[in-house]
Amino acid sequence: MKFSNPIREWKRRNPVEHSSRWVGEHVGFDNTPLPRLTMATLSMGVLVSMGGFVFGYDTGQISGFLEMEDFLRRFGQRHDDGTPYFSNVRSGLIVALLSIGTLIGALVGAPIADWIGRKMSIIFWCVIFSVGIIVQISATDKWYQVMLGRLVAGFGVGALSLLVPMYQAETAPRHTRGALIATYQLMITFGIFLAAVFNYAAERHQAGKAASWQITMGLSLVFSTILAIGILFFSETPRFNYRRGKVDKAKATMMKVYGVPENHYALHMELEEIRLKMEAESRTESAIREWLNMWKAPKMAYRLILGMGLQMFQQLTGANYFFYYGTTIFAGTGIKNSFVTQMILNGINFGVTFYGLYIVEHYGRRKSLIAGSIWMFICFMIFASVGHFVLDRDDPENTPHASVAMICFACFFIFGFATTWGPMIWTICGELYPSRYRAKAMALSTASNWLWNFLLAFFTPFITSAIDFRYGYVFAGCNILAGIGVYFFVIEGQGRTLEEIDTMYLMGVKPWKSAKWVVPDLDQMDEKMRHRLEQTNPELAIQQNNTGGVRAEEQGDKVRDGSEDGLTAKKEEA
C-alpha cells in the first residue's frame, strides 16, 4: 500500500494565497505575505502565557498538600487518639477559597485594566498574588491563615486569567492569535503537571518537614516574578495605546509583532478595524443601560444563558474532581504513592492538550464536544461502578485489579476532557457573542465557571464521604446532559466569521443543521434582519455608512484574512 506525503498534501491544500498571511494586491501598500512567526510574537506568547502557568501551578499544588504529613499535622484537626485529619469543612474551605478569590479578581480586573492599562495591571496582580503566597508560607499552625492566603492569591490568579488572554488577543497578529491564546490553556495544564512533579519530589525528600509544602508553594513566587519583570520589556497593547491617543506607539508595536514595514496593508487594515471599533463604542450608552440592553437585545438572553450553561457543564464534567482531590482519591484506592498517580494524570492532561488544539479546527466544535461527553460518560460509569461495587474500600489492597482499573479509566477520562471540553468551551464562548456585548457577556460566562468551580471544590468532600465513588454517577449524568445541550443549542462555528455566527443565532438556524448552512449576503436580507444585526454589531452600521454598503460576509473575510479577495478565494476553494 502506498501512502501519500502528508506534508506535500498540506502545502497543496493551503497555499499562502489562501491563508490569512496573504493580504492580496493593493496599490500603494506593501502586499508581501506576512511572516509566519516573529521573535517578538513568540517571546510575547511564551512570557505572557506565564500567567496561565501561575494559574495552573497554584491550582495543581493544593491536592498534594492535603496528603502531606507536615501540612496535615500543622493545619489539620485531631481525633481523640491524636491522629491529625482534615474535616470536610476545613479541606473544602482551603481548596475552594481560591475559586472565590478568582471570581472576584476576574470581575475587578477588567475595570482596573481599562484604567491603568493591561501591562501595569499584570504587574499589579502579580504583586497581589505574591502577597497571598507569602501569607500562606508564613503560616505555622493556623489553618485559616492558609485559607485567607489562598483567597488573596486567588485575586491575582483570577485577574491574570482575564488579563493574559486579553493582552495576547489585543497584541498578537490575527493569523497567530488563536494559537497564542491556546498557548495560555496549554500553560495552565503545564503548571498543573509541574506542581504534581514538585509535590512528589518535595514529599519524597522532605517528608515530615515544613519544606515538603513550602518549597512547592514558594516556587510560585519565582514564576510570578518572571512574569512581572518580563512584561516590563514589552509594550502596552496596541488597542489600549490607540484608545489613549498614542497611535504612533500602537503602530510601532504592531510593526514589531507582525514583522512588516510601516506601509504594509495588514497594518492599515488592523488600524482601520481599531478605529471602527472605537467609533462603535463611542455610540454606546451608559454602563448600567448597556448591561440592561444586553439582556433585551435580540437572542442575547438565549446566548447569555447558553454561555453560562456551557461553563457550568465544563465544571460538571468532573475534571476538577481529579485535579483538586486526585491524591486523596487514589490514596483511597490503595495506591501506595498517590503522588505518582496524580503526576501521571496531570502529565496526560498536559500532553494531550496539544492534540486538542488540532481537533478544534479539524473536526469542529459540536462533533468534538458531543463525542467528548459520551467518552467521559463511559469513563465515569466504569470508574464509579468499580469503585463502589468491586473495590474493597476498607482494605483496598485486597482488590489490586480494581485499583488499577480505576487509575486507567481516570486517565482515559482526562484524555477526553483535555481534548474536548477543556479548551473548546473557551473557544465557543469567544465566538458566541456579538462585538458590542462580547466583553460583558464573557465576564458572566467566566463568573459561572468560577462559581461552579467553588461549589464543586467545597462540597466534594461532603458528597464523597456520603456516597463514596457513586459520586461519579452524578458526573456521568451531567456529561450526558452536556452532550444533549450541545446538540440542541450550540451552533457550529468552525470556519465561520464572528458575523456569520451572530447571523445564524439571530436567524434561528437549527444547531444540528448549522455546519452546512449558508449565510445569505447582508444586502439580500430584509430590513428587519439587517437592523437586528447592526443593533448587536454596531461596527457593521458604521462600515455601511463609511463604505456605502459593504457586505457583512465580505467584511468578515477582510477582518479574518486581511484580504479584499478573501471571500472570492474561499468560494473558489469550495
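The values are calculated or read from the model by the stated rules, or taken from the named source; none is laboratory data. Just so you know, these numbers come straight off a predicted model, no measurement behind them. For neighbour counting, all protein chains shown are included, and Cβ atoms are generated from backbone atoms with ideal geometry for every residue, glycine included. Accessible surface areas use protein heavy atoms only, side chains included; no ligands, DNA or RNA. Shrake-Rupley method; radii C 1.70, N 1.55, O 1.52, S 1.80 Å.
List of remarks:
- With every protein chain in place, the stretch 197-268: carbon and sulfur % of accessible area (1.4 Å): 60 percent
- Taking amide H atoms as placed 1.01 Å from N in the peptide plane, the amide H of Gln77 lies under 5 Å from those of Tyr85, Phe86, Ser87, each 5 or more residues away in sequence or on another chain.
- Counting all C-alpha pairs of the stretch 61-112, share separated by more than 15 Å (%): 56 percent
- Taking amide hydrogens as placed 1.01 Å from N in the peptide plane, the amide H of His264 sits under 5 Å from those of Asp30, each at least 5 positions away in sequence or on another chain.
- Carbon plus sulfur fraction of accessible area for the stretch 56-188, probe 1.4 Å, in percent: 67 percent
- Accessible area in square angstrom per residue, the stretch 186-247, 1.4 angstrom probe: 42 Å²
- Surface share of carbon and sulfur [accessible, 1.4 angstrom probe, percent] for the stretch 386-446: 64 percent
- Burial ranking of peptide ranges 250-262, 420-432 (average Cβ count within 10 Å, highest at the top): 420-432, 250-262
- Solvent exposure of the stretch 48-175 amounts to 33 Å² per residue of accessible area, where only protein heavy atoms count and the probe is 1.4 Å.
- Cβ-defined net charge surrounding Leu148, 14 Å radius [Lys, Arg +1; Asp, Glu -1]: +3
- Using the Cβ of Met120 as centre and a radius below 13 Å, the other residues enclosed give a net charge of +1, where K and R count +1 and D and E count -1.
- Computed over protein heavy atoms with a 1.4 Å probe, the accessible surface of the stretch 417-484 works out to 32 Å² per residue.
- Above-threshold pairs, the threshold being 19 Å between Cα atoms, out of Lys142/Lys209; Lys296/Lys510; Lys440/Lys510; Lys367/Lys440; Lys296/Lys367; Lys246/Lys440: Lys296/Lys510; Lys440/Lys510; Lys367/Lys440; Lys296/Lys367; Lys246/Lys440
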